[in-house]
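So the structure is just underneath, and the comments pick up after that.
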Amino acid sequence: MASEVVDLRFFVTLAESGTLSEAARRMDVTASAISQRLQQLEKRLSVHLIHRSTRRFNLTDEGEMLYTKAVSLLAEIDTLIESLRARSGEVGGTLHVWAPLSFGREYLAPALADFHAQHPKLLVSLTLSDLRPAADSERFDLIVNIGALPDSNMVAYPIASNKLFLCASPAYLASRGVPRLPSDLSGHCCIVLRQNEEDVSLWRLRQGDAEVAVRVTAALNSNDGEVTRAWALAGKGIILRSEWAVADNLRTGRLVKVLDDWTLADADIVALIPQSHTVSARVRLFLALLKARFQPVPPWRQLSATEVQPGETPALKARASKIGL
């Protein structure tokens, strides 16, 4: 029985990988080892499971049948094992988490480390990227999403509230002037963060019932959020970033808000779980840990607005009070 379960897990991983090389990467073996194991499985079952091509492969009808049934059976087995472990207070298995790069480094990695300390028999796999997974999203137990939700068959669980801000360094604004209207942005150096293949150079601002869309010229752009923030801190231009990423810099005055009387769409942080997945004990408990850390007040808002940090001036303290930090 154990070997059959291992074979099912192997085939599900292979089917969701799309290519032999990707399957080899995920299983940390060579592509030839994957091919050999597939041939052995097909020989035992006396059927062809995939149509091979030079780059990708497609499942045969028998392969589709095996994949569909295997996913269902493995979910039932995992649920049973989780239920048995829960009776003894033990959490095991592997928790697969995906998160955006910078947020994952700063907040998810420490949270997972603490979660693992609470459940040492658990295996943890954290994937960080600024390109949200699409075709292979099913292989993750939990995906952390910031901002607009993708169209998918995933269930969203709120984690933390988060806003978007336009900001720049005082030195930049002193040399280039302060924008008064959204249209003024066209005359400024703007710093753009590329992510999720979105139209990131189109900035939408609202004031009351009015909404203005401004196409900015990216004087500097990067797919790394830390790089774009460093450029803004160095006085290179105006940046659009999440509250969680710039709250400390706003609090200390190294960055200041731009067009503060206009608002941008919220970019709340949610956990996405595939609808087809049974919510296991490990996922349920990790969700509870995240909610305890980020609700009702996320950590980037927890510093009292009345507390002056070293190096702050009364003006900075007043600005922090104004923005609710």
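The values are calculated or read from the model by the stated rules, or taken from the named source; none is laboratory data. Just so you know, these numbers come straight off a predicted model, no measurement behind them. So basically every Cβ, Gly included, is an ideal-geometry build from the backbone, and we count neighbours across all protein chains shown.
Let's see how each residue does on (1) crowded, with 18+ Cβ neighbours inside 10 Å; (2) closer than 30 Å to Ile239 by Cα; (3) touching a residue at least 40 places away in the same chain (Cβ under 8 Å):
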residue: His119; (1), (2), (3): yes, no, yes
residue: Val124; (1), (2), (3): no, no, no
residue: Tyr157; (1), (2), (3): no, yes, yes
residue: Ser169; (1), (2), (3): yes, yes, yes
residue: Arg176; (1), (2), (3): no, yes, no
*Find all pairs meeting these conditions: Cβ atoms under 7 angstrom apart; at least six residues apart or on different chains; first residue within the range 12-31 and assigned to a helix (DSSP H, G or I); second residue basic (Lys, Arg).*
Thr13/Arg26; Glu16/Arg139; Ser17/Arg26
_Go through (1) over 19 Å from Val283 (Cα atoms); (2) touching an Asp or Glu at 6+ places or on another chain (Cβ under 8 Å) for Ala168 and report which single condition fails._
(2)
*So, of the residues in the range 191-213 that are touching a helix residue (DSSP H, G or I) at 6+ places or on another chain (Cβ under 6 Å) and buried (at least 17 other Cβ atoms within 10 Å of the Cβ), which turns out to be nearest to Asp130 (Cα to Cα)?*
Leu193
*asked:* Checking His116 against (1) touching a Pro at 6+ places or on another chain (Cβ under 9 Å); (2) modelled with pLDDT of 90 or more: exactly one of these is not met. Which one?
replied: (1)
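Could you say whether any residue in the range 201-222 is within 30 Å of Ala292 (Cβ to Cβ) and hydroxyl-bearing (Ser, Thr, Tyr)?
Taking the range 201-222 first, the residues within 30 Å of Ala292 (Cβ to Cβ) are none.
No, that holds for no residue.
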*Determine whether Leu95 is at pLDDT 90 or above, under 16 Å from Val270 (Cα atoms) and surrounded by 16 or more Cβ atoms within 10 Å (Cβ to Cβ).*
no
